[in-house]
Amino acid sequence: APREDGEAPRAPFRRAGGDFTPRPAREESPRNFEPREERKFTPRDDDRGNSSKFSKRDTFKPRNRHDQAPAFTPAYKLDRYKETAPAKIQKKIAQIERRGDDVRLNRFIANAGICSRRDADKLIEAGEIKVNNKVVTEMGYQVGPTDVVKYGNRRLNREKPAYVLLNKPKDFLTTTEDPQDRKTVMELVKNAGESRIYPVGRLDRNTTGLILLTNDGELADKLTHPSNEIEKIYQAELDKPLTDEDFEKIVAGLKLEDGEIKVDDLAKVTPDGYVIGVKIHSGKNRIVRRIFEHLGYEVTKLDRTTFAGLTKKDLPRGSWRYLTERELVKLKYLL
């Protein structure tokens, strides 16, 4: 049955556990309230698994570009997890953090909100940037966590990391700016805070669904590098039913112009074969559309429903939310 928000049903890669019966409302007995400053409060996890010491629950609710910006962006505190993680995970965390301590100078300048990375290269080349009171003109220079970077007399600070998950609608480009002045996803997340975030990977202009935006270059590289084989699930609507013969061809693997491609899983979302679910880890350009075009089908609608384990649950089209602490731990240390 069609959903109220107009989206097609999701691909059935997982079976539902059964019918859901809402719990009856719990009656609360009268109680005496004490002044807030005198009450002793023990933090507990909310329904997304975030301690109240971390952020307020409504920090993670979906928002759209017209909503008022939150009072503050999350300050991700992962030390508690690092201390209690298994020894094997702690070793992996230490390796990741050693790699992630240094950052390229042009990215540091861009993340500090001065300009784009391209313009930062011009400032470096012109000798406008000092690191530890020495002029640096080397393009690939790496800035360490204790280095002091200055532009003129202004000291630049590392920007607080931000992680924003967006359910992209049609007709928006996944770029930070467009020379032709077309709409970009940056318009949709303009009230997500002052951090200079950018899209991780790309979705075609006419493709909808999940995209992550962040200023964490280490995580962005991890999620886009082919060797990490990050899983993605798409839902494709075709101009004609997919035949059983072509279904089997896709499952077996196809040879496209840039090499062989094989999906991780394939499913018919609707019995008539018009809507197909595709699980794939390849990040090749327009790969899902090209798979079907190779067999003579046109993809009339394409939606990314899952990216690196993140889903669109409770995130309407055109809305965004911050990643939760648990989601961030999984992306950074467990994938």
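The values are calculated or read from the model by the stated rules, or taken from the named source; none is laboratory data. Small disclaimer: the values here were computed from a predicted structure and weren't measured. Ideal geometry is used to build each Cβ from the backbone, glycine not excepted, and the neighbour counts take in all protein chains shown. The protein model used for the area step is the full one, side chains on, heavy atoms only, and it has no ligands, DNA or RNA in it. Shrake-Rupley method; radii C 1.70, N 1.55, O 1.52, S 1.80 Å.
Okay, here's what the table says:
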{"quantity": "One residue from Gly283, Gly273 being in contact with a Pro (Cβ under 8 Å, 6 or more places away or on another chain) and at positive phi", "calculated": "Gly273"}
{"quantity": "Residue check for Lys330: basic (Lys, Arg) and loosely packed, with under 13 Cβ neighbours inside 10 Å", "calculated": "no"}
{"quantity": "Glu237 open to solvent by 50 Å² or more (accessible area, probe 1.4 Å) and in contact (Cβ under 8 Å) with a residue 40 or more places away in the chain", "calculated": "yes"}
{"quantity": "Odd one out for Glu177 among (1) under 28 Å from Gly296 (Cβ atoms); (2) open to solvent by 20 Å² or more (accessible area, probe 1.4 Å); (3) touching a helix residue (DSSP H, G or I) at 6+ places or on another chain (Cβ under 9 Å)", "calculated": "(1)"}
{"quantity": "Val164 vs. criteria surrounded by 13 or more Cβ atoms within 10 Å (Cβ to Cβ) and either free of Cβ contacts under 8 Å to residues at least 12 places away in the same chain or part of a loop (DSSP other than H, G, I, E, B) (or both)", "calculated": "no"}
{"quantity": "Elements of type strands (runs of 3 or more DSSP E) in the range 58-156, at least 1 residues being at pLDDT 80 or above, among the β-branched types (Val, Ile, Thr) and surrounded by 12 or more Cβ atoms within 10 Å (Cβ to Cβ)", "calculated": "129-131, 149-151"}
{"quantity": "Some residue of the range 183-205 being in contact (Cβ under 8 Å) with a residue 60 or more places away in the chain, crowded, with 18+ Cβ neighbours inside 10 Å and closer than 16 Å to Arg286 by Cβ", "calculated": "yes"}
{"quantity": "Leu295 vs. criteria in contact (Cβ under 8 Å) with a residue 60 or more places away in the chain and not acidic (Asp, Glu)", "calculated": "no"}
{"quantity": "Sole residue being modelled with pLDDT of 95 or more, farther than 25 Å from Leu173 by Cβ and of a type outside the set (A, V, I, L, M), chosen from Lys313, Lys279, Lys330, Lys301", "calculated": "Lys279"}
{"quantity": "Odd one out for Lys168 among (1) in contact with a helix residue (DSSP H, G or I) (Cβ under 7 Å, 6 or more places away or on another chain); (2) among the charged types (D, E, K, R); (3) more than 27 Å from Asn64 (Cα to Cα)", "calculated": "(3)"}
{"quantity": "Extreme residue, nearest to Ser227 (Cα to Cα), among residues of the range 262-304 that are surrounded by fewer than 17 Cβ atoms within 10 Å (Cβ to Cβ) and touching a helix residue (DSSP H, G or I) at 6+ places or on another chain (Cβ under 7 Å)", "calculated": "Gly283"}
{"quantity": "Failed item, numbered, when Gly253 is tested on (1) at positive phi; (2) open to solvent by 60 Å² or more (accessible area, probe 1.4 Å)", "calculated": "(2)"}
{"quantity": "Among residues of the range 206-218, those that are in contact with a Leu (Cβ under 8 Å, 6 or more places away or on another chain) and either more than 23 Å from Asp265 (Cβ to Cβ) or open to solvent by 10 Å² or more (accessible area, probe 1.4 Å) (or both), counted", "calculated": "3"}
{"quantity": "Test: residue in the range 219-226 that is farther than 23 Å from Cys115 by Cβ, touching a strand residue (DSSP E or B) at 6+ places or on another chain (Cβ under 9 Å) and buried (at least 16 other Cβ atoms within 10 Å of the Cβ)", "calculated": "yes"}
